[in-house]
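Note sheet for the following structure.
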Amino acid sequence: MTTLISKAKRVTATNQHYQLSIDQAKNRAYITIIGFWRSPQEVATYVQDLDKALTQLRAKFTLLTDLRSMKTHPKEVQQLHLEAQQLLLSKGLLQTAEVYESSFIQFQTSTLSKESKMPLKQFTSIEMAEEYLDSFFVN
């Protein structure tokens, strides 16, 4: 699997279920969701790790979420995603770009984002998502 890490990005948390990184120059967070999360307990530190990463960004940050290797998640895990989205919004999220391959994932995540009111645009390539978020770049 190709990850989103370049020289400007710094990994803040990584395990078999997710990778979090930041690019302070772009004021951007990156989340890669990996595989199937059976329960919230399986990713017990996800929201805490995300909160810690976000302390390194300024308000009006952007988010690129790579969901290309994500599998659909059960209801209990969807609640965890909602909690993470609410955290992102409370920390000053300006815009999210999600990259997906599966239409099931596209539907699941767009439904969650509507519920949390997280600004979202979905893409099928990392390059298109990066280009879109770069248009929001605030120095």
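The values are calculated or read from the model by the stated rules, or taken from the named source; none is laboratory data. Because the structure is a prediction, the values reported are computed rather than measured. As a convention, Cβ positions derive from the backbone with ideal geometry for all residues, glycine included, and neighbour counts pool all protein chains shown.
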Considering residues that are surrounded by fewer than 20 Cβ atoms within 10 Å (Cβ to Cβ) and in a loop (DSSP other than H, G, I, E, B), the number found within the range 15-48 is 10
If you go through GLU98, GLU83, the only one that is within 15 Å of the chain's Cα centre (by Cα), part of a strand (DSSP E or B) and of a type in the set (D, E, K, R) is GLU98
SER113: passes all of (1) modelled with pLDDT of 95 or more; (2) more than 20 Å from ARG10 (Cβ to Cβ); (3) of a type in the set (Ser, Thr, Tyr) but (1)
Flagged in the range 89-112 as surrounded by fewer than 20 Cβ atoms within 10 Å (Cβ to Cβ) and within 24 Å of LEU57 (Cα to Cα), in numbering order, are LEU89, SER90, LYS91, GLY92, LEU94, GLN95, LEU112
So, first residue among the small types (Gly, Ala, Ser) in the range 89-111, second residue not in a strand (DSSP E or B), Cβ within less than 7 Å, six or more apart or across chains; the pairs are GLY92/ALA59; GLY92/LYS60; ALA97/ALA129; ALA97/TYR132; ALA97/LEU133
When every residue in the range 104-139 that is part of a helix (DSSP H, G or I) and of a type in the set (Gly, Ala, Ser) is compared, the one farthest from MET70 (Cα to Cα) is SER116
query = Can you spot a residue in the range 49-64 that is part of a helix (DSSP H, G or I), more than 17 Å from ALA13 (Cα to Cα) and not aliphatic (A, V, I, L, M)?
reply = no
Note: among GLN95, GLN48, just one is closer than 16 Å to PHE123 by Cβ and at pLDDT 95 or above, namely GLN95
Cβ pairs under 6 Å, 6+ apart or interchain, first in the range 61-73 and among the acidic types (Asp, Glu), second outside any loop (DSSP other than H, G, I, E, B), ordered by first then second residue, are ASP66/THR32; ASP66/VAL99
The condition of being in contact with a strand residue (DSSP E or B) (Cβ under 9 Å, 6 or more places away or on another chain), hydrophobic (A, V, I, L, M, F, W, C), modelled with pLDDT of 95 or more and exposed (fewer than 15 other Cβ atoms within 10 Å of the Cβ) holds, among ALA59, ALA84, only for ALA59
